[in-house]
Amino acid sequence: MQESSGVPDVFDPRIYAAGIPHDRFRALRDRAPVAWQEEPGILGWPAGSGFWAVTRHADVVRVLKDSGTYSSFLGATQIRDPDPADLPFIRRMMLNQDPPGHGRLRRLVSRAFTPGRIERFAATARERARRLLAAAIDAGGEVDLVRAVTDDYALLNLTDLLGVPPGDRGLLHTWTERVIAYQDPDEPPVLDDEGRPVNPRSPAMLAEMFGYAQELAAHKREHPADDVMSVLATSELADAELEMFFFLLTVAGNDTVRSAAPGGLLALAEHPDEQRRMWTGEVGTDTAVDELLRVHPPVLSFRRTAATDTELAGRAIRRGDKVVVFHASANHDERVFPDPHRLDLGRTPNPHVSFGDGPHVCLGAHFARLQLRVLHEEVRRACPGGLELTGPPRRLVSNFINGVKSLPVRLREPSAPRA
């Protein structure tokens with residue numbers, strides 16, 4: 001029922017290595033806004049039961065807001081079904097819960113994400129961006145911006161916010177790669193005794209991270225500081241809930257900015273006229289950041305499970321069906337965004353869904369926007385001559401994270417002419 005029947009495939013993770021498949025999404029939005037997708041076995045992962053792909057903005061928002069009909073709890077939030085034995089474990093995470101339990105956990109952890117605490121990290125983030133960019137320019141100005149700047153920028157900001165000691169920061173990078181890049185051939189999967197890939201979100205694969213979370217929490221109770229883990233360690237969270245929050249903050253908190261930062265800079269390099277508008281101050285940085293998030297959402301898709309028989313865009317959906325919203329498609333819906341494939345850094349209003357919507361809207365969205373704003377301001381300051389691509393980017397093989405693995409650019413100071 002895929003491309004042979006006229007329904008474009010948007011499941012295969014390998015498609016996204018060439019970028020967001022805009023032609024496929026537009027075909028779905030126009031002809032089959034809620035379309036059945038097969039789940040063949042790919043890259044060593046077994047075949048799945050199939051799902052409904054939701055591609056129009058209005059329908060995506062409807063699904064995200066209606067947790068009573070479209071549950072995060074029943075089957076969790078990844079397209080692939082977890083092992084039934086792992087599902088109770090995976091459901092401990094706030095991301096995989098529905099109200100009212102979800103609201104209780106969100107209220108507890110939101111106390112750690114106070115605007116004041118986040119704003120205090122702005123100066124640290126700015127100094128870090130300046131240092132990383134200066135080193136890249138000192139190295140000659142032609143660099144892989146992911147390796148030289150954005151990966152470290154995202155990771156080190158997160159570890160500062162969490163309160164992870166500097167010597168342990170490499171652990172967080174390793175754990176994030178294991179979870180986020182599991183579909184990518186550059187990150188070979190861990191195999192079980194029968195040669196099958198092991199779900200990176202399974203209890204066995206997360207045991208090391210959870211043990212570390214408990215050690216760090218114990219340290220914070222003895223030596224509290226102005227960081228998120230100090231707040232969580234002394235909160236009402238049960239041990240299992242604290243472990244899951246550490247996992248969620250480590251992976252989601254890192255990879256949101258890690259994906260959005262190079263994606264936004266890639267868009268600027270590909271659109272020199274818009275880059276110039278930002279460099280000259282014609283458009284505000286906050287407005288520009290939202291447009292860059294629209295065209296390059298860090299998350300491509302999220303799954304829900306129908307809690308009851310329902311109907312969406314004229315399609316009958318049965319209880320238990322998987323329903324997957326595609327943020328990248330919703331953000332380019334012509335019904336909402338005029339000329340959606342044009343980068344317009346002054347676009348307003350801009351109701352993109354890059355941070356989701358409804359009860360699960362991203363808890364760290366303010367922190368992510370702050371980091372992106374600071375980074376773009378510092379790139380503009382350090383490279384007043386602009387930035388330009390020196391080669392094609394390399395993208396993550398994933399139908400979940402819109403990752404950029406490599407971004408070769410030239411960072412130009414005022415005296416450097418365009419190539």
Please enumerate the residues belonging to segment 363-405 that are at pLDDT 95 or above, part of a strand (DSSP E or B) and either at positive phi or open to solvent by less than 20 Å² (accessible area, probe 1.4 Å) (or both). Val404
What pairs come up if the first residue lies in segment 290-313 and is farther than 16 Å from Asp333 by Cβ, the second is of a type in the set (Phe, Trp, Tyr) and surrounded by 21 or more Cβ atoms within 10 Å (Cβ to Cβ), and their beta carbons are under 8 Å apart, counting only those six or more places apart or on different chains? Val299/Phe400; Arg303/Phe51; Arg304/Tyr70; Thr305/Tyr70; Ala306/Tyr70; Ala307/Tyr70
From the list Leu145, Leu64, Leu95, which one is within 30 Å of Phe25 (Cβ to Cβ), among the hydrophobic types (A, V, I, L, M, F, W, C) and in contact with a Gly (Cβ under 8 Å, 6 or more places away or on another chain)? Leu64
Wholly within segment 242-349, which helices (runs of 4 or more DSSP H) include no fewer than the required count, namely at least 3 residues that are open to solvent by 10 Å² or more (accessible area, probe 1.4 Å) and farther than 18 Å from Leu375 by Cβ? 272-279
Being within 30 Å of Val198 (Cα to Cα) and of a type outside the set (S, T, N, Q) narrows it down to one residue among Leu108, Leu133, Leu64; which is it? Leu64
Cβ-Cβ below 9 Å, separation at least six or inter-chain, first residue in segment 254-273 and within 25 Å of Leu161 (Cβ to Cβ) and without any contact (Cβ under 8 Å) to a residue 60 or more places away in the chain, second of a type in the set (A, V, I, L, M) and surrounded by 24 or more Cβ atoms within 10 Å (Cβ to Cβ): which pairs? none
Just to be sure I understand, how many residues within segment 191-236 are touching a residue at least 60 places away in the same chain (Cβ under 8 Å) and over 30 Å from Ile42 (Cβ atoms)? 10
Subset tally (residues that are within 19 Å of Gly211 (Cα to Cα), in contact with a Lys or Arg (Cβ under 8 Å, 6 or more places away or on another chain) and assigned to a loop (DSSP other than H, G, I, E, B)) for segment 143-197: 1
Go through segment 22-111 and tell me which helices (runs of 4 or more DSSP H), entirely inside it, have 3 or more residues that are within 22 Å of the chain's Cα centre (by Cα), surrounded by 16 or more Cβ atoms within 10 Å (Cβ to Cβ) and of a type in the set (Val, Ile, Thr). 57-65
Count, please, the residues in segment 317-363 that happen to be more than 16 Å from Arg56 (Cβ to Cβ) and among the charged types (D, E, K, R). 8
Determine, yes or no, whether Glu208 is acidic (Asp, Glu), in a helix (DSSP H, G or I), open to solvent by 40 Å² or more (accessible area, probe 1.4 Å) and farther than 19 Å from Ala85 by Cα. yes
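The values are calculated or read from the model by the stated rules, or taken from the named source; none is laboratory data. Quick caveat: nothing in here was measured; it's all calculated off a predicted structure. Quick reminder, even Gly has a Cβ in these numbers, built from the backbone with ideal geometry, and neighbours come from all protein chains shown. SASA here: full protein model, heavy atoms, side chains in, ligands and nucleic acids out. Shrake-Rupley method; radii C 1.70, N 1.55, O 1.52, S 1.80 Å.
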